[in-house]
Amino acid sequence: MTSQSSHARAQAPEDAKAHLRASVRKARAHRSIRRNEELAEALRDQVLQLPSVDNAQCVSVYASRPHEPGTLPLISALHDRGVRVLIPCLGDGLQRGWGEYNGADDLIERAPGRPPEPSGNFLPSEALEQADVVVVPALAVDLVGTRLGQGGGWYDRALTYARPDAPVVALTFTSEFHSDGTVLPREPHDRPVNAVITPQGITSLPA
């Protein structure tokens with residue numbers, strides 16, 4: 001993806017991001033369901049090695065959609081440990097909020113194309129202040145902590161409620177982590193992440 005990223009840097013940030021998103025989504029679509037499930041288990045094992053997660057009483061984790069870095073094994077493992085898990089929810093008018101995970105059968109898809117959400121009470125945006133670690137999705141991440149999201153800005157807005165001492169950890173596939181020093185386009189509203197986790201390992205970042 002280095003040549004694609006170089007081309008993206010010559011564009012305006014918004015256009016560069018759109019170009020990169022299309023490239024990553026196309027590559028993800030070719031990965032099989034079985035392979036995604038295997039990688040989700042590897043991601044779970046990596047995340048559970050983080051000392052901040054090991055000591056956490058509450059963790060926010062996104063509920064993955066098909067082709068995203070899978071999180072259901074991680075969510076289940078945290079829940080089995082007795083950790084409170086907060087999952088993003090969309091309220092009326094795309095209101096940002098959270099729901100508490102109470103088991104796999106509790107997750108439902110409220111609308112086509114939307115991530116699964118807990119069926120319980122809708123918690124306000126401020127509930128993220130309770131999370132000791134925040135696990136976020138990423139289409140790509142670079143070595144300075146820039147995260148390429150889906151484009152809606154949901155997490156950039158939601159993360160304003162994260163505690164300063166709560167690390168923000170991005171999950172991505174190995175080929176989507178720009179460990180070669182390639183810089184992703186970043187805009188002023190983009191919130192950097194503190195670490196990136198791929199199925200192969202953990203990298204702390206200078207966010």
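For the reader, a short list of remarks on this structure follows.
- Applying the condition of being outside any helix (DSSP H, G or I) and modelled with pLDDT of 85 or more to the stretch 1-31 and asking which residue is nearest to residue 76 (Cα to Cα) yields 31.
- Residue within the stretch 52-59 that is surrounded by fewer than 22 Cβ atoms within 10 Å (Cβ to Cβ) and small (Gly, Ala, Ser) present: yes
- Test: residue in the stretch 87-103 that is at pLDDT below 95, over 15 Å from the mean Cα position of the chain (by Cα), more than 21 Å from residue 153 (Cβ to Cβ) and part of a loop (DSSP other than H, G, I, E, B): yes
- Every residue from the stretch 60-91 that is surrounded by fewer than 16 Cβ atoms within 10 Å (Cβ to Cβ), of a type in the set (D, E, K, R) and over 15 Å from residue 118 (Cα atoms): 80, 81
- Note on the stretch 128-158: among residues that are small (Gly, Ala, Ser) and buried (at least 19 other Cβ atoms within 10 Å of the Cβ), the one that is nearest to residue 96 (Cα to Cα) is 158.
- Helices (runs of 4 or more DSSP H) wholly inside the stretch 32-82 that include at least 3 residues being of a type in the set (A, V, I, L, M): 33-47, 72-80
- Apart from one condition, residue 123 fits all of (1) of a type in the set (A, V, I, L, M, F, W, C); (2) touching a Phe, Trp or Tyr at 6+ places or on another chain (Cβ under 6 Å); (3) under 24 Å from residue 194 (Cα atoms); (4) surrounded by fewer than 22 Cβ atoms within 10 Å (Cβ to Cβ); the exception is (3).
The values are calculated or read from the model by the stated rules, or taken from the named source; none is laboratory data. Just so it is clear, the structure is predicted and the values come from calculations on it, not from any experiment. Don't worry about glycine lacking a Cβ; one is built from the backbone with ideal geometry, like all the others, and counts go over all protein chains shown.
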